[in-house]
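Q: First the structure, then my questions, so here it is.
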Amino acid sequence: MARGEDFSKLSAIRRIRIYFEKNVGRVITAKELQAAAGDVSEWARRVRELKDEHGLQILTHNDREGLKPGQYLLETLELRSVVKRGMSSKLRKQILERDGGTCQICGSAAGEDSGCEPGKRCRLQIDHVVPISQGGTDDPSNLRAVCVYFNKDKADVIKPA
C-alpha cells in the first residue's frame, strides 16, 4: 500500500490482497477476510479471483490437509503462472449431464460419500484430462466430472512434501 493511501477507499480485492500479504505463512479465517474486505458480501469471490486470476498461492482445506473449512493460507509471495479460464457455465452443465452427475474416477454422485476421499461427501468439478497448462483445451473430449478430492491433487499449486 502506498504511503498515505486510505485503506478504507481501496477495493475489496485490494484490501484482501494486502491482508494476505501482511500475513504470509499464517492461517487466516473467513471472519478476518470478511473484515479486511469491509464486510463486502462477495469477499469469497474476491479470494478466488486472487487465487485464480492474480496467481496468489492461497491454500484452503481443499488444497492442504490440516486446514479447516473457512481457513486460508498464503504460503509464499511468489506468484504462480495464471492460465486464463474461459469455460462457460453452459459447457460445465453439458459435461455434468453427459457424465450423469457422477465422478468419472470413483462413480459417486454429488452428495454421496466420495470414493475419492472416504468420509467426505462428493462435490463435483470439471477436470481437464490434459491440463490447460500442458496444452489441454476446453474441448468436451478433454473434460470430465470428478470429485473435488480427486481434482485437488492435480492443481498447479505448490504442495508441501
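Q: What FRET efficiency, computed as 1/(1 + (r/R0)^6) with R0 = 45 Å and r the Cβ-Cβ distance, is obtained for Arg121 and Leu10, rounded to the nearest 0.05?
A: 0.75
Q: Stick to Cα atoms and the Kirkwood definition of Rh, then tell me Rg/Rh for segment 79-141.
A: Here the Rg-to-Rh quotient is 1.02.
Q: For segment 1-153, what is the number of Lys pairs with C-alpha distance below 22 angstrom, counting only pairs 8 or more positions apart or on separate chains?
A: Final tally of qualifying lysine pairs is 16.
Q: For the chain, what relative contact order do you get, as a whole percent, if you take Cα pairs closer than 8 Å and at least 6 residues apart?
A: That works out to 17 percent.
Q: Within the set of other residues whose C-beta is less than 13 Å from the C-beta of Ala12, count the net charge using Lys and Arg as +1 and Asp and Glu as -1.
A: Local charge sum for Ala12: +4.
Q: Another one. Using +1 at the C-beta of Lys and Arg and -1 at the C-beta of Asp and Glu, which of Thr76, His61, Trp43 has the Cα lying farthest in the positive direction of the dipole of segment 7-85?
A: Trp43
Q: I'd like to check one number: the per residue accessible area of the chain, probe 1.4 Å, reported in Å² as a whole number.
A: Value returned for the chain: 60 Å² of accessible area per residue.
Q: In degrees from 0 to 90, rounded to the nearest 10, what is the angle of the helix 43-52 Cα long axis to the longest principal axis of the chain?
A: So the helix axis and the longest Cα principal axis differ by about 70 degrees.
Q: Continuing with the same structure: Can you list the residues, at least 5 places off or on another chain, whose amide H is less than 5 Å from the amide H of Cys106, using H built in the peptide plane?
A: Those lying under 5 Å, H to H, from Cys106 are Cys147.
Q: To two decimal places, what compactness ratio does the chain give when its Cα radius of gyration is scaled by 2.2 N^0.38 Å?
A: Relative to the 2.2 N^0.38 Å estimate, the chain comes out at 1.14.
Q: Another one. Give me the percent of accessible area attributable to carbon and sulfur for the chain, probe 1.4 angstrom.
A: Looking at the chain in its full context, I get 49 percent from C and S.
Q: If exposed means no more than 14 neighbouring beta carbons inside 10 Å and the site is in a DSSP loop, what's the longest run of the chain without any exposed trypsin sites (Lys or Arg not before Pro)?
A: Counting only loop sites that pass the neighbour cut-off, the longest clear stretch is 27-83.
Q: Using square roots of five times the C-alpha gyration tensor eigenvalues, list the equivalent-ellipsoid semi-axes of segment 16-95 in whole Å, biggest first.
A: Working from the Cα gyration tensor, I get semi-axes of 23, 15, 13 Å.
Q: What FRET efficiency do you get for Thr137 and Arg48 if R0 is 25 Å and r is their Cβ-Cβ distance, rounded to the nearest 0.05?
A: After rounding, the FRET efficiency stands at 0.65.
Q: By the scheme Lys and Arg +1, Asp and Glu -1, what is the net charge of all other residues having a beta-carbon under 11 Å from that of Arg121?
A: -1
Q: Also, quick follow-up: Say each of Arg98 and Lys31 gets a label point 7 Å from the Cα, pointing the same way as Cα to Cβ; how far apart are those two points in nm?
A: It is 4.5 nm.
Q: Additional query: Which cross-chain or sequence-distant (5 or more) residues have an amide H under 5 Å from the amide H of Asp113, H modelled 1.01 Å from N in plane?
A: Residues meeting the amide H criterion: Cys122.
Q: Continuing with the same structure: Which length gain, in nm to one decimal place, applies between Asp39 and Ser89 when the Cα-Cα distance is subtracted from 0.36 nm times their residue separation?
A: 15.2 nm
Q: Which angle from 0 to 90°, rounded to the nearest 10, does the C-alpha axis of helix 12-22 make with the longest principal axis of the chain?
A: 80
Q: How far is helix 89-98 tilted, in degrees, relative to the longest principal axis of the Cα atoms in the chain, given as a value from 0 to 90 rounded to the nearest 10?
A: Helix 89-98 sits roughly 30 degrees off the main axis of the chain.
The values are calculated or read from the model by the stated rules, or taken from the named source; none is laboratory data. Since this is a predicted model, take the numbers as computed values, not measurements. For neighbour counting, all protein chains shown are included, and Cβ atoms are generated from backbone atoms with ideal geometry for every residue, glycine included. Only protein heavy atoms, including side chains, enter the accessible area calculation; ligands, DNA and RNA are left aside. Shrake-Rupley method; radii C 1.70, N 1.55, O 1.52, S 1.80 Å.
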